[in-house]
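Just below is one structure, and these are the notes that go with it.
The values are calculated or read from the model by the stated rules, or taken from the named source; none is laboratory data. The structure displayed is predicted, hence computed values, not measured ones. Heads up, the Cβs are rebuilt from the backbone with ideal geometry, glycines too, and the neighbour counts pull from every protein chain shown.
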Amino acid sequence: MRITMLTLFPEYFDSFRTTSIIKRALERELVTFETVNFRDYTLDKHNKVDDTPCGGGQGMLLSVQPIADCLKAIRTPGSLVVMMTPQGRTFNQQTAHEFADISHLIILCGHYEGFDERIRSYVDMEVSLGDFVLTGGEAAAVVIADAVMRLLPGVILEDSHADDSFENGLLEYPQYTRPIEFEGKTVPEVLMSGHHANIRKWRLEQSLRRTMEKRPDLLENRTFTKEEQKLMKQ
Ligand code: ADE
């Protein structure tokens with residue numbers, strides 16, 4: 001997979017590409033990550049990429065020409081162009097899986113007060129991180145790239161995905177590591193029993209309980225298995 005960030009601030013992604021799991025994935029060439037500065041495509045003689053809103057108003061808007069020309073130059077038949085904006089579809093784990101199947105993901109990061117509306121006609125979809133406004137799309141784009149890259153084969157242990165929060169529609173169960181006791185707080189006995197069937201059952205029950213408590217909305221359209229129904233009645 002290839003991920004291309006269209007941004008006026010390529011340096012924003014420096015720590016992302018040089019830290020921890022993502023750094024290792026890039027070194028092992030499990031994914032290609034690149035930044036393209038769309039300022040390089042402006043035809044303005046002063047290198048401008050923004051302008052004041054027609055009809056008046058505060059702030060500056062990104063102009064259509066540099067972004068449209070940049071997209072025309074870098075788009076490939078296998079690419080999906082995603083624009084980061086609070087008006088987009090809210091990103092979630094399912095979207096992360098959809099993006100992880102795409103051969104070339106292009107993420108357009110806005111800045112300043114917004115985009116010229118015509119930019120929307122050059123992108124395939126708009127994605128938001130949630131109902132809040134950021135100063136630019138870069139912070140949101142890093143989140144998306146991280147969530148997508150960790151799903152790619154070999155980036156993290158494959159087994160680790162299955163139990164992630166949201167992967168089975170439930171929040172992840174509680175986890176513990178040594179010491180067995182700390183300041184009177186102990187690890188649940190079942191986890192030390194070595195009894196795999198009981199551990200699996202306990203984890204499922206905890207996931208259900210947790211989801212009911214913290215995120216009941218996730219259960220609204222769920223079809224519960226017989227085992228889950230039984231665990232919930234206990
Ligand atoms: N750009 C500014 N705010 C944003 C948000 N909430 N999600 C994605 N991109 C954004």
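Specify the residue that is farthest from VAL143 (Cα to Cα); the eligible residues are those in segment 89-99 that are surrounded by fewer than 17 Cβ atoms within 10 Å (Cβ to Cβ) and within 12 Å of the ligand (Cβ to nearest atom). Before the answer, list the steps.
So in segment 89-99, the residues surrounded by fewer than 17 Cβ atoms within 10 Å (Cβ to Cβ) come out as 89-90, 92-94, 97-98.
Remaining after also requiring within 12 Å of the ligand (Cβ to nearest atom): 89-90.
On the way: ARG89: 15, THR90: 12 Å.
Ranking the candidates gives ARG89 first.
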Open item on the list: Where the second residue is assigned to a helix (DSSP H, G or I) and within 6 Å of the ligand (Cβ to nearest atom) and the first is closer than 12 Å to PHE9 by Cα and touching a residue at least 24 places away in the same chain (Cβ under 8 Å) and lies in segment 126-146, which pairs have Cβ atoms under 8 Å and are six or more apart or on separate chains?
Closed with: none
- [ ] List the number of the failed condition for ARG120; all other conditions in (1) crowded, with 18+ Cβ neighbours inside 10 Å; (2) within 16 Å of the ligand (Cβ to nearest atom); (3) assigned to a helix (DSSP H, G or I) hold.
- [x] (1)
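Here is a check on your reading of the model: is ARG39 more than 17 Å from LEU8 (Cα to Cα), more than 15 Å from the ligand (Cβ to nearest atom) and out of contact with any strand residue (DSSP E or B) (no Cβ under 9 Å at 6 or more places or on another chain)? Spell out how you get there, then give the answer.
Details: more than 17 Å from LEU8 (Cα to Cα): no; more than 15 Å from the ligand (Cβ to nearest atom): yes; out of contact with any strand residue (DSSP E or B) (no Cβ under 9 Å at 6 or more places or on another chain): yes.
So ARG39 fails the test.
For segment 123-163: of the residues being in a loop (DSSP other than H, G, I, E, B), more than 15 Å from the ligand (Cβ to nearest atom) and aliphatic (A, V, I, L, M), which is farthest from CYS70 (Cα to Cα)? Walk me through how you get there before you give the answer.
At the first step, the residues of segment 123-163 found to be in a loop (DSSP other than H, G, I, E, B) are 123-124, 129-135, 137, 150-158, 163.
From the residues that got through so far, the ones that are more than 15 Å from the ligand (Cβ to nearest atom) too are 124, 150-158, 163.
Now drop any that are not aliphatic (A, V, I, L, M), which leaves 151-152, 155-157.
Numbers: LEU151: 28, LEU152: 27, VAL155: 30, ILE156: 33, LEU157: 36 Å.
The extreme case among them is LEU157.
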Task: Condition check for ILE102: assigned to a loop (DSSP other than H, G, I, E, B), over 13 Å from GLY88 (Cβ atoms) and more than 14 Å from the ligand (Cβ to nearest atom) - done: yes
- [ ] Could you grab me the full set of residues in segment 144-200 that are among the aromatic types (Phe, Trp, Tyr) and over 17 Å from the mean Cα position of the chain (by Cα)?
- [x] TYR173, TYR176, PHE182
Open item on the list: Kindly evaluate GLU220 against the criterion of being surrounded by 15 or more Cβ atoms within 10 Å (Cβ to Cβ) and at pLDDT 95 or above.
Closed with: no
Open item on the list: Show me the helices (runs of 4 or more DSSP H) found entirely inside segment 1-76 where at least 3 residues are over 18 Å from ALA140 (Cα atoms).
Closed with: 20-27, 64-74
Open item on the list: When you check PHE166 against the structure, is it aromatic (Phe, Trp, Tyr), under 30 Å from SER103 (Cα atoms), within 16 Å of the ligand (Cβ to nearest atom) and touching a residue at least 40 places away in the same chain (Cβ under 8 Å), yes or no?
Closed with: no
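Would you check if there is a residue in segment 67-75 being surrounded by fewer than 12 Cβ atoms within 10 Å (Cβ to Cβ) and more than 30 Å from ASN168 (Cα to Cα)? Reasoning before the result, please.
Just the residues of segment 67-75 that are surrounded by fewer than 12 Cβ atoms within 10 Å (Cβ to Cβ), to begin with: 72-73.
Checking the rest, the ones that are also more than 30 Å from ASN168 (Cα to Cα) come to 72-73.
For segment 67-75, residues surrounded by fewer than 12 Cβ atoms within 10 Å (Cβ to Cβ) and more than 30 Å from ASN168 (Cα to Cα): present.
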TODO: Determine whether segment 73-85 contains at least one residue that is out of contact with any Leu (no Cβ under 9 Å at 6 or more places or on another chain), closer than 22 Å to THR35 by Cβ, hydrophobic (A, V, I, L, M, F, W, C) and assigned by TED's automatic domain parsing to the domain that holds THR35.
DONE: yes
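Being within 30 Å of the chain's Cα centre (by Cα) and basic (Lys, Arg) is the filter here, so list the residues in segment 13-47 that pass it.
Residues of segment 13-47 within 30 Å of the chain's Cα centre (by Cα): 13-42.
Of everything in segment 13-47, those that are within 30 Å of the chain's Cα centre (by Cα) and basic (Lys, Arg) turn out to be ARG17, LYS23, ARG24, ARG28, ARG39.
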